[in-house]
Amino acid sequence: MFKPKEITKVIDNISIGYSAPSNIALIKYWGKYPIQIPANPSISFTLQNCKTETFIEAKKKTKPTNTFDIEVLVDGKIREDFKPKILKFFERVEPYFSFLKTYFFKIKTHNTFPHSSGIASSASGFATLASCLVRLEQLLSENETENLDVQKTSFVARLGSGSATRSLSGPMMLWGKHKNIENSQDEFAIPHTDIADVFKTYQDVILLVDKGQKQVSSSIGHELMQNHPFAKSRFEQAYKNMSALIEILNNGDLDKFISITENEALSLHAMMMSSQPYYILIKPKTLNIIEQVWEFRKSTKIPLSFTLDAGANVHLLFPKSHKERVLEFINTSLIGYCQNEQYICDNIGQGVIPLS
Ligand code: 2P0
């Protein structure tokens, strides 16, 4: 589908940079088939402030070799430990590019969110890498166009990390085939723009409950869905929740939005707790926050809700019009549950941006 373009330009040195945001899934991707095909469709808000910035300096080799040659710098420091994951990504995407073994790549990357905050950087990180490679290909071929080819970029990013496929454009991206959603695909995500005004400026405050390394990675979590006793019903649930959410996003019904998205967050963690082996990623403080959010919503009627990623941190979702009141609530009632009193204010964003 995305064949490698023929390289027609002779360029010895070329640099390129992109920033890409993280995203927060509302319908969760949890379970997959080889290679990186999701077991159910998912949809996410594209974030704005939590992002990765990556520059690639490509230098033509004097002679092509049969190896990928890369150097990886994170926050200005050479990191050998990042190389295996990126080399595996290069191997996976090699069929879609013809220049990966003819250049030496110096990859410099940096996250804007706190290091080891428990926020996964694989989505934003692979989205930047994919953007850089696709743009390099455009610049090295006659097919150079004004804009980044977002479909190929999303396809390539998926081969790095599933959630990265949804980090390319805003305000939302939808990934995975759904019979009622036109153009939905398993191989790349599509922008979802048919949303009510209230969602266009939706807020996401991420409460950093536990910044430590997760005991069980998402890769293992996806694998454990393979023989999970509830897998079939979970995939059906996500499929149905997606149908319902698409309508809710369009009509702006916040009560129903809350009901579906909180159900998705808890179902995701229920899968972890009921797999074999079973495990728990949320912490007591995660539950304390959820209880407080429910109480606050009941007493104030403010449509504040939560969602969870594969970890203990809590994403608080709410309309922009309630920002002042919600921040006051966080600072008085929730900040004590955050490690070092840390939280990150984010909102819906527009996706990848070229860096000069
Ligand atoms: C999601 N998560 O939809 C779900 C919900 C976390 C919870 O996708 O193995 O890092 O790289 O495809 O994308 C996290 O898993 O997994 C994830 P891989 P990924 O965002």
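In the range 225-270, which residue that is hydroxyl-bearing (S, T, Y) and in contact (Cβ under 8 Å) with a residue 12 or more places away in the chain is nearest to K32 (Cα to Cα)? Explain how you work it out, then say what you get.
Going residue by residue through the range 225-270, those that are hydroxyl-bearing (S, T, Y) are 233, 239, 243, 259, 261, 267.
Still in the list and also in contact (Cβ under 8 Å) with a residue 12 or more places away in the chain: 239, 243, 261, 267.
Working: Y239: 14, S243: 20, T261: 21, S267: 16 Å.
Here the answer is Y239.
Just to be sure before I move on: is E91 in contact (Cβ under 8 Å) with a residue 24 or more places away in the chain and farther than 30 Å from S305 by Cα in the structure I sent? Talk me through it step by step, then tell me what you get.
Working: in contact (Cβ under 8 Å) with a residue 24 or more places away in the chain: no; farther than 30 Å from S305 by Cα: yes.
No, not satisfied.
Taking E53, is it within 22 Å of the chain's Cα centre (by Cα), modelled with pLDDT of 95 or more, acidic (D, E) and more than 16 Å from the ligand (Cβ to nearest atom)? Write out each step before concluding.
On the way: within 22 Å of the chain's Cα centre (by Cα): yes; modelled with pLDDT of 95 or more: yes; acidic (D, E): yes; more than 16 Å from the ligand (Cβ to nearest atom): yes.
When the stated conditions are applied, E53 passes them.
So I35 passes all but one of these: (1) over 19 Å from the mean Cα position of the chain (by Cα); (2) within 30 Å of M271 (Cα to Cα); (3) of a type in the set (V, I, T). Which condition number does it fail?
(1)
What is the number of the single condition among (1) outside any strand (DSSP E or B); (2) away from the ligand (no atom under 16 Å from the Cβ) that K85 does not meet?
Of the numbered conditions (1) outside any strand (DSSP E or B); (2) away from the ligand (no atom under 16 Å from the Cβ), the odd one out for K85 is (2).
Go through (1) under 17 Å from Q203 (Cβ atoms); (2) in a helix (DSSP H, G or I) one by one and return the number of the condition M271 breaks.
The one condition M271 does not meet is (1).
Across the range 91-112, which residue is farthest from T153 (Cα to Cα) among those that are touching a helix residue (DSSP H, G or I) at 6+ places or on another chain (Cβ under 9 Å) and within 16 Å of the ligand (Cβ to nearest atom)?
Looking at the filtered set, the residue picked out is N111.
Name the residues in the range 245-289 that are surrounded by fewer than 20 Cβ atoms within 10 Å (Cβ to Cβ), more than 19 Å from I27 (Cβ to Cβ) and of a type in the set (A, V, I, L, M, F, W, C), would you?
If the condition is that a residue be surrounded by fewer than 20 Cβ atoms within 10 Å (Cβ to Cβ), more than 19 Å from I27 (Cβ to Cβ) and of a type in the set (A, V, I, L, M, F, W, C), then M273, I280, L287 are the ones that fit.
Restricted to the range 11-32, and to residues that are among the hydrophobic types (A, V, I, L, M, F, W, C) and more than 16 Å from the ligand (Cβ to nearest atom), which residue is farthest from the chain's Cα centre (by Cα)? I'd like the intermediate steps shown before the answer.
Initial filter on the range 11-32 (among the hydrophobic types (A, V, I, L, M, F, W, C)): 11, 14, 16, 20, 24-27, 30.
Right, trim to more than 16 Å from the ligand (Cβ to nearest atom) and you get 11, 14, 16.
Details: I11: 33, I14: 28, I16: 22 Å.
Only one residue tops the list, namely I11.
Residues in the range 315-337: is at least one of a type outside the set (A, V, I, L, M), closer than 25 Å to H115 by Cβ and assigned to a loop (DSSP other than H, G, I, E, B)?
First pass over the range 315-337, keeping only residues of a type outside the set (A, V, I, L, M): 315, 318-325, 328-329, 331-333, 336-337.
Those still in the list that are closer than 25 Å to H115 by Cβ too: 315, 331, 336-337.
Subset that is assigned to a loop (DSSP other than H, G, I, E, B): none.
No, the range 315-337 contains no residue that is of a type outside the set (A, V, I, L, M), closer than 25 Å to H115 by Cβ and assigned to a loop (DSSP other than H, G, I, E, B).
Check F99 against each of (1) modelled with pLDDT under 95; (2) in a loop (DSSP other than H, G, I, E, B) and name the one condition it does not meet.
Here F99 meets the rest and fails (1).
The values are calculated or read from the model by the stated rules, or taken from the named source; none is laboratory data. Fair warning: this is a prediction, and the values are worked out from it, not measured in the lab. When we count neighbours, we look across all protein chains shown, and the Cβ atoms used for this are built from the backbone with ideal geometry, even at glycine.
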